[in-house]
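For reference, the structure discussed in these notes is given below.
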Amino acid sequence: MELGGGFVLCVVLLAAVVGRANAAIYNVGDNLGWNVPSSVDEYSSWASRHVFTRGDVLTFNFETEKHDVAEVRKEEYDECSSNDPIEKSNSAPWNTTLNSTGEHYYICTVGSDCSSGQKLAINVAAPSPTTPPSPPMLPTPRLGNSATLPTLSATLAVLVSVAFAVIM
Ligand SMILES: [Cu+2]
């Protein structure tokens, strides 16, 4: 009975890990990190190479003190102004989870970095309906493995008997 309870707990933990594995983590700019790019459209071309889904995480890697990152609205993104950022961080790395679908805008507010191209606009899609949600995944590993449970118990019983025999 105790073994069964532990087993179910393991399956639940495993399902949680598998469920979380669906979320992607993006290192913004890849090797460039979060910096002033050599061309102004570098971040838009980086963004166009990825598909962002709600629940994914963006990681902004930059030199603290030299740059920062602010999530802003479209108007501020277009004008490179940061009077009223939605969120802002001065220390790197900054991780942000994409909790809502639609457009997300990020800029660096230091000097003229934003005008020089240190700005990122992405579109976040809803998770694909073909992706199975975590709860229905539970029965599969549970059924598959529960068949081996009696064998496991038998093995354990043999081991315990051997241990007792050695002690006596
Ligand atoms: Cu900057």
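The values are calculated or read from the model by the stated rules, or taken from the named source; none is laboratory data. Note that the structure is a prediction, hence the values are computed from the model and not measured. So basically every Cβ, Gly included, is an ideal-geometry build from the backbone, and we count neighbours across all protein chains shown.
Descriptive notes on the structure:
- Any chance SER153 is in contact with a Leu (Cβ under 9 Å, 6 or more places away or on another chain), at pLDDT below 55 and either assigned by TED's automatic domain parsing to the domain that holds TRP46 or not basic (Lys, Arg) (or both): yes
- Qualifying positions in segment 111-130 - assigned to a loop (DSSP other than H, G, I, E, B), away from the ligand (no atom under 12 Å from the Cβ) and in contact (Cβ under 8 Å) with a residue 12 or more places away in the chain: ALA126, PRO127, SER128
- Within segment 60-75, the set of residues being of a type outside the set (Asp, Glu) and crowded, with 16+ Cβ neighbours inside 10 Å comprises PHE60, ASN61, PHE62, HIS67, VAL69, ALA70, VAL72.
- Residue within segment 52-69 that is under 18 Å from THR109 (Cα atoms), in contact with an Asp or Glu (Cβ under 8 Å, 6 or more places away or on another chain) and in contact (Cβ under 8 Å) with a residue 40 or more places away in the chain present: yes
- On the stretch given as segment 26-69, residues that are closer than 30 Å to SER128 by Cβ and in a loop (DSSP other than H, G, I, E, B) total 12.
- Residue in segment 61-81 that is within 14 Å of the ligand (Cβ to nearest atom), under 18 Å from the mean Cα position of the chain (by Cα) and of a type in the set (Phe, Trp, Tyr) present: no
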